[in-house]
Amino acid sequence: MEHKWWHGKTAYQIYPKSFCDSNGDGLGDLKGIISKLDYLQSLGVDILWLSPIYPSPFVDQGYDIADYENIDPIFGNLEDFDVLMREAKARGMDVIMDLVVNHCSSEHAWFKKACADLNSEEAGYFYFVKGKDGQFPNNLRSYFGGSVWEKIPGHEDEDIYYSHYFAKEQPDLNWYNEKLREQVYKLVTFWLNKGVAGFRVDAILSIVKDLSFPDLPPDDADGMTHAAKMNARNLSQIGQFLNELKARTFAPHDSFTVGEVLTVTKESVTEFAGPNGYFSTLFDLSPRELVEANPHYRDYPNLTVDQFKECVFNTQELYQQADAFVAPIIENHDEPRGVSYYLPEHLHNAQGAKLLGTFLMFLRGIPFIYQGQEIGMTNTKFEHIDEFNDLFAKEEYRLSREEGKSEQEALALCARHGRDNARTPMLWSDEPNAGFTTGTPWLRVHQDYKTLNVKAQESDPLSPLNHYRKLIALRKDPKLHETVTYGNFERNELGAGVLSYLRTNQESGQRLLVIANTNHESLTYQVPASEACALITTGEVELQGTTLTLGCGGAAILELK
Ligand code: GLC
């Protein structure tokens, strides 16, 4: 495999609105991030991904962008951004931005001009489509509920609609329009010239459309079908767009790019993330994909830890056979906290967090840690639907109530699956509002902040934070680096509730065993080696010769000889 500058690094996702507030307005900002760079450096992460910080009406928390070449005043300004870039670089960290170009905000000047004049150049940047027989052009349901079609503002009396796969305030951009593509290359180059090392590329599969806008077979009683089903049908056309994007922007800058791409297959993995792929890597979103195969919370399954493991292992093998690099994750801003979502209830705690971290950090690929994961944040408890901010959770709540569920039942669904679970403020200390803000936080603060916070964990050698620090440092250890980065992945099946795999280096012969026990019962395992040494352990772990015993929640990484 050809070596790239970002191989072997560890990435960290910052959700800026909830990271650190420097000015007391209850919203995180760039100065807040700058004030925490020493912390991030002490964690050992190399690449910082910032969720969107562009001007936005925040209908979908900044994923609705009103101006691609600026910073929203709640976060600061372009000068603050330059300081952040400089200070991050000075600490050996790179910054990547969120590239959201499947859609913009309905407040973007392009959309306003387009609506004002349906014959303008900007009108061509969007999908303005005539209705069929007085109905919507087709029966696609948007990601957040309701049709993907909406009457064009100012043209409500006409039989013409615009497409939005996400909220109606997020009109889809028309990639089949060359001028629009030029605009995209220009904005990407704007940030590359500011020194960003690359991008996380949002919802990119949705940029291809079937321009005849056919109906698809309904997947629910509403007669509609999830817009994502259309993505899979049109995948063959995406290469032309993404190769051009790469050639015009990422490639000349040797950027690191990570795609938000679902439904990765044997065929598409090489195309998207192989040695000449459109992107450097793709997130492993396979557990979420299993959950979201169902359009509504009411039908989302509760994944077992074994289903989670199976997803991760299948992905590892898929990318390995394609000579590609995956980006393993436990959680992000769209998913509940992994500890609460994937682990059995007896591990919804600090030990569960350390166990999951141990499992994650030696997988093949470039791991992403989501803010708060490193201290073992669990789901936040919401007591009332009004405490939620996420438009998707609110829509699912409304639907559940309409379908006859009680308030408690509808709330329980949002509490389990809602995106706000992981969007609540970062927990820095036991001060009011967990030290996140001196004002009123925009989203409620996690119930356990008095004991679950960075400050408390700094001084505890056994805390999740210090465990993550050790794991990240181990990844960088020159004695292990080659195997962790380029070594072979091999699943090690030890039965239900046990997460285990091997990483092996064919050249040096080095073999690393990762093992974690989520079961109540302890596990005794004869490791397949003549000698074994523990590189890191957490929880109840005993190694006597080559006999390893793991208590409930115990996890270890061993070097086998
Ligand atoms: C991605 C983002 C998500 C957003 C959506 C629309 O999935 O991660 O937060 O709502 O795209 O931009």
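The values are calculated or read from the model by the stated rules, or taken from the named source; none is laboratory data. Note that the coordinates shown come from a computational prediction; the quantities given were computed from them, not determined experimentally. Methodologically, a virtual Cβ is constructed for each residue, glycine included, from the backbone with ideal geometry; neighbour enumeration extends over all protein chains shown. Remember, those area values only see protein heavy atoms, side chains included, never the ligands or the DNA or RNA. Shrake-Rupley method; radii C 1.70, N 1.55, O 1.52, S 1.80 Å.
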(request) Give the distance, in whole Å, between the Cα centre of segment 499-540 and the Cα centre of segment 122-190. (result) 51
(message) How large a share of the accessible area of segment 212-276, in percent, is made up of carbon and sulfur atoms when the probe is 1.4 Å and the other protein chains stay in place?
(response) 54
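Charges only on Cβ, +1 for Lys and Arg, -1 for Asp and Glu: so what's the dipole of the chain about the Cα centre, in debye to the nearest 20?
Working: 52 positive and 81 negative charges, 287 e Å.
I would put it at about 1380 debye.
So what's segment 217-278 giving for Rg/Rh, alpha carbon basis, Kirkwood Rh from the mean inverse pair distance? Intermediate values should be presented prior to the final figure.
Details: Rg = 14.8 Å, Rh = 13.5 Å.
Radius of gyration over Kirkwood radius for segment 217-278 works out to 1.10.
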(message) I'd like the distance separating the alpha-carbon centroids of segment 266-284 and segment 389-463, in whole Å.
(response) 34
(request) Evaluate the distance, in nm, between pseudo-label points positioned 7 Å from the Cα of Met1 and of Glu87 along their respective Cα→Cβ axes. (result) 3.4
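For a distance above 22 Å, tell me the whole-number percent of Cα pairs in segment 217-352 that qualify.
Values: 4384 of 9180 pairs.
Roughly 48 percent, rounded to a whole number.
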(request) Would you grab the residues whose amide H sits under 5 Å from the one on Leu173? Only those 5+ places off in sequence or on another chain, please, with H modelled 1.01 Å from N. (result) His103, Cys104
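Leaving out ligands and nucleic acids, note down the accessible area per residue over the chain with a 1.4 angstrom probe, in whole Å². Walk me through the numbers on the way to the answer.
Working: 20590 Å² over 561 residues.
The answer is 37 Å² per residue.
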(request) Tally the DSSP beta bridges in segment 127-285 and give the antiparallel ones as a percent, rounded to 5. (result) 50
(message) I need the P(r) histogram for the chain: all alpha carbon pairs, bin width 20 Å from 0 out to the longest distance, whole percents.
(response) 21, 56, 22, 1
(request) Specify the angular offset, from 0 to 90 degrees and rounded to the nearest 10, of the alpha carbon long axis of helix 391-402 from the longest principal axis of the alpha carbons in the chain. (result) 80
(message) Along its three principal axes, how long is segment 287-361 when you only count alpha carbons? Whole Å, largest extent first please.
(response) 36, 32, 23
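How many percent of the alpha carbon pairs in segment 1-105 exceed a separation of 23 Å? Provide the component values of the computation, followed by the final result.
Numbers: 1512 of 5460 pairs.
That fraction is 28 percent.
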(request) Search the structure for amide H atoms under 5 Å from the amide H of Phe256, placed 1.01 Å from N in the peptide plane, and list their residues when 5 or more places away or on another chain. (result) Gly198, Phe199
(message) Bins of 10 Å, beginning at zero and ending with the bin holding the largest distance: percent of Cα pairs per bin for segment 453-561, please.
(response) 14, 43, 34, 8, 0
(message) Can you tell me the orientation of helix 178-193 relative to the chain, as the angle in degrees between its alpha-carbon axis and the longest Cα principal axis, to the nearest 10?
(response) 40
(request) Enter the accessible area of Ile34 (Å², nearest 10), with the probe set to 1.4 Å and all protein chains included. (result) 40
(message) Please give me the summed charge of the neighbours of Arg398: other residues whose Cβ is under 13 Å from its Cβ, Lys and Arg +1, Asp and Glu -1.
(response) -3
(message) Tell me the carbon and sulfur percent of the accessible area for segment 353-408, rounded to whole percent, probe radius 1.4 Å.
(response) 44
(request) Report the local net charge at Glu182: Lys and Arg +1, Asp and Glu -1, summed over other residues whose C-beta lies under 12 Å from its C-beta. (result) +1
(message) Between 0 and 90 degrees, rounded to the nearest ten: what's the tilt of helix 407-417 against the longest Cα principal axis of the chain?
(response) 70
(request) Go through Gly8, Pro153, Leu452 and say which Cα lies farthest out towards the positive end of the charge dipole of the chain; charges sit on Cβ, +1 for Lys and Arg, -1 for Asp and Glu. (result) Gly8
(request) Can you give me the P(r) profile for segment 394-530? Cα pairs, bins 5 angstrom wide beginning at 0, each as a whole percent. (result) 2, 8, 11, 10, 11, 13, 13, 12, 10, 6, 3, 1, 0
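Output the relative contact order of segment 479-561, whole-number percent, from Cα pairs under 8 angstrom with separation of 6+ residues. Mind dumping the intermediate values first?
Numbers: 195 pairs, mean separation 22.4, N = 83.
Value for segment 479-561: 27 percent.
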(request) Report relative contact order for segment 409-450 in percent, whole number only (criteria: Cα-Cα under 8 Å, sequence separation at least 6). (result) 33
(message) With the alpha-carbon atoms as the only input, what is the per residue convex hull volume for segment 315-451 in Å³?
(response) 134
(request) Tell me the GluC sites (Glu not before Pro) within segment 399-454 that lie in a loop according to DSSP and have at most 12 other beta-carbon atoms within 10 Å. (result) Glu403
(message) Quick check on the chain: of the DSSP beta bridges with both residues there, what percent are antiparallel, nearest 5%?
(response) 60
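Could you compute the net charge surrounding Lys132? Neighbours are other residues with a C-beta less than 13 Å from the C-beta of Lys132; K and R count +1, D and E count -1. Could the numbers behind the result be given before it?
On the way: positive: Lys130; negative: Asp133, Asp159, Asp215.
Around Lys132, the surrounding residues sum to -2.
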(request) For Thr225, Thr270, write out the residues from largest to smallest accessible area, computed with a 1.4 angstrom probe and no ligands counted. (result) Thr270, Thr225
(request) Mind grabbing the accessible area of His481 for me, 1.4 Å probe, Å², rounded to tens? (result) 60
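When DSSP assigns beta bridges and you keep just the ones with both residues in segment 55-208, what percent turn out antiparallel, to the nearest 5? Don't skip to the answer; put the middle values down first.
Values: 10 of 14 bridges.
Around 70 percent of the beta bridges assigned by DSSP in segment 55-208 are antiparallel ones.
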(request) Just flag the trypsin sites (Lys or Arg not before Pro) in segment 1-102 sitting in loop per DSSP whose Cβ has no more than 16 other Cβ atoms within 10 Å. (result) Lys4, Arg91
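Stokes-Einstein diffusion coefficient for segment 140-272 at 20 °C in a medium of 1.002 mPa s, Rh from the Kirkwood formula over Cα pairs: what value in µm²/s? Walk me through the numbers before you get to the answer.
Details: Rh = 16.5 Å.
For the chosen part, D equals 130 µm²/s.
Suppose we take every Cα in segment 44-169 and form the convex hull; what volume per residue is that in Å³?
Details: hull volume 15.2 nm³, N = 126.
It is 121 Å³ per residue.
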(message) With a 1.4 Å probe and all protein chains kept in place, how do Arg200, Arg288 rank by accessible area, largest first?
(response) Arg288, Arg200
(request) Would you compute, from DSSP H runs of 4+ residues alone, the mean residue ellipticity of the chain at 222 nm, taking -39500 (n - 2.57) per run and dividing by the full residue count, rounded to the nearest 500? (result) -8000 deg cm²/dmol
